[in-house]
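Novice: Here it is, the structure, as structure tokens.
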Amino acid sequence: MTDTTAPTPVKPSSGYSALVLGMLLLVYTFNFLDRQILGILVQPIKAELHLSDTQLGLLGGTAFAILYSTLAIPLALIADRTSRSWVITISLTVWSLFTALCGLATSFGQMFLFRLGVGVGEAGGVAPSYALIADYFPPERRARALGIYSMGIPIGLAMGTLLGAFIATYVDWRAAFITVGVAGIVIAPIFRLIVKEPVRAVAPVGRAPVSAVFAILARKPSFWLMAFAASMSSLAGYGLAFWVPSLMIRSYGFDLQGAALYFASLLLVGGASGVFLGGVLADRLGGDRGNYAKLPAIAWLITGPLFIAGFLSPSPWVAWFFFIIPNALNILWLGPLTTAVQHLVPAHMRATASASFLLINNLIGLGIGSVAIGALSEALTARFGTEALRYSAVAVACFYVLATILAFLAVKPLRRDWVDEPVAA
């Protein structure tokens, strides 16, 4: 039986580090593919299972976020103390299995339980990946590496949208869930064979209890400001990512595949370039540590108004040009802020610190975003009819203003709270 508690240390070469980053990117792509596929399938699921927009919003965010957020910290602690690569492998297997089970759901209750299971699995994927990247890449290349890793978000969202629409059109929505779930299960053992544990950045100093990590973070204003800034952005971003395909169908008359192609083009052109650019800029502007918060603040300042202009456009093709820039800017924060969180604690606490950040971000962003739009859409239907979803999206896009303010407030505290890398002997 394989011992999952005793990883074999590996000193990474630059080529192997790039391979590991590529595998982590692949897993992260499946992470968001399995989340987003529900978004493009909203209309056929709604018709077959007779669900309301509020119920769909609960499935899109709240059901997933409940256990995804709360289990991230204990799983990150296990990853910090054992093998990050094993935790990621097992997590990928679990969330892929539950994604496949979503294709067998016959009621809201069953789908809710299966989405809870997807959240359980994905809880163990992100924070250990952040910690692995921090050990495989030096500080001057870390934000760029995290930016590349975070490209899994727009790529996964786009692939989930395209695959879901294609399979649902030519087979049915159930086959879409089963197909992508089985694919993730196949990839899991391949990931484990390739990705080994690196030599830890510092010598072991004993097990850090979660209370010790919390105590360090709680004293640092920059942590709270960055976490809540990211949360406001994610509330809008996750909610819009889930509902925009349905908005294109309801407000602009697209069919399922047309909405998928439209949305995927925005994600691949705008989203992928934005998240990569964020990592590159953060590395280049990293001489002033406050830039890790300032850069997202500037991006969010531009994002909100452009999204609103797009949603209010009478033509989807005019809207596309308004959408493309904020689709790049709204997730530009991923490289800079996740890098900054890595530097608020000693190296052996990184996965737990990342999970603490993600707990706040995901409980608010994932847990509230999609259901807020869905509930608001229902409330506005009597007045706006099929256009209710459009105006709900406009309202939620205003949360980027709060994100901007909080990120600017984090700039000065971040300079004080930063923990430098230990100097090698």
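Novice: Can you give the accessible area of ARG289, probe radius 1.4 Å, in Å² rounded to 10?
Specialist: For ARG289, the solvent-accessible surface is approximately 80 Å².
Novice: Which net charge results when you count Lys and Arg as +1 and Asp and Glu as -1 among the other residues whose beta-carbon is under 12 Å from that of ILE133?
Specialist: +4
Novice: Just to compare against my own numbers: the Cα pair-distance distribution for region 54-147, 5 Å bins, whole % per bin, please.
Specialist: 3, 15, 20, 18, 16, 12, 8, 5, 2, 1, 0
Novice: Just read off the accessible area of MET111 with the full protein assembly in place, 1.4 Å probe, to the nearest 10 Å².
Specialist: Taking all protein chains as shown, MET111 has close to 0 Å².
Novice: Also, quick follow-up: What does the accessible area of CYS102 come to, in Å² to the nearest 10, when a probe of 1.4 Å is used?
Specialist: About 0 Å², rounded to the nearest 10.
Novice: Still on this structure, please answer the following. Which residue fluctuates the most in the chain, going by a Gaussian network model with Cα springs under 10 Å, if the choices are SER354, SER233, SER17?
Specialist: Looking only at SER354, SER233, SER17, the biggest GNM fluctuation is shown by SER17.
Novice: Contact order normalised by length for the chain, with contacts defined as Cα pairs under 8 Å and 6 or more residues apart; what percent is it?
Specialist: 27 percent.
Novice: Another one. Bin width 10 Å, alpha-carbon pairs only: give the P(r) of the chain as whole percents, running from 0 to the bin holding the largest distance.
Specialist: It works out to 5, 24, 34, 25, 10, 2, 0, in whole percents.
Novice: Now a separate question. Computing the accessible area with a 1.4 Å probe over protein heavy atoms, can you report the carbon and sulfur percentage for the chain?
Specialist: Answer for the chain: carbon and sulfur cover 72 percent of the accessible area.
Novice: Let's see if you can work this out: charge +1 on each Lys and Arg Cβ, -1 on each Asp and Glu Cβ, no other charges. What is the dipole magnitude of the chain about its Cα centre, in debye to the nearest 20?
Specialist: That gives a dipole near 800 debye.
Novice: Could you tell me the number of lysine pairs in the chain with C-alpha atoms less than 23 Å from each other, where the two lysines are 8 or more residues apart or belong to different chains?
Specialist: Number of lysine pairs found: 4.
Novice: Would you rank VAL118, VAL318, VAL171 by solvent-accessible area, highest first, keeping every protein chain in place and using a 1.4 Å probe?
Specialist: Accessible-area ranking of VAL118, VAL318, VAL171, largest first: VAL171, VAL318, VAL118.
Novice: If DNA, RNA and ligands are ignored and the probe is 1.4 Å, what is the ranking of HIS50, HIS348 by accessible area, most exposed first?
Specialist: Result, largest first: HIS50, HIS348.
Novice: Tabulate in residue order the Karplus-calculated ³J(HN,Hα) for region 154-163, using 6.51 cos²θ - 1.76 cosθ + 1.60 with θ = phi - 60°, rounded to whole Hz; enter x for Gly and Pro.
Specialist: x, 5, x, 4, 5, 5, x, 5, 5, 5
Novice: Another question, then. Need one word for region 331-425: rounded, prolate or oblate. Basis is the Cα gyration tensor (sqrt eigenvalues a ≥ b ≥ c); a/c below 1.5 gives rounded, then a/b vs b/c decides.
Specialist: prolate
Novice: Using a 1.4 angstrom probe, figure out how much accessible area the chain has per residue, in square angstrom, rounded to the nearest whole.
Specialist: Here the residues of the chain average 36 Å² of exposed surface.
The values are calculated or read from the model by the stated rules, or taken from the named source; none is laboratory data. As the structure is a prediction and not an experimental result, all values here were calculated from the model. Glycine also receives a Cβ, built like all others from the backbone with ideal geometry; neighbour counts cover every protein chain displayed. Side chains included, ligands, DNA and RNA excluded: accessible areas come from the protein's heavy atoms. Shrake-Rupley method; radii C 1.70, N 1.55, O 1.52, S 1.80 Å.
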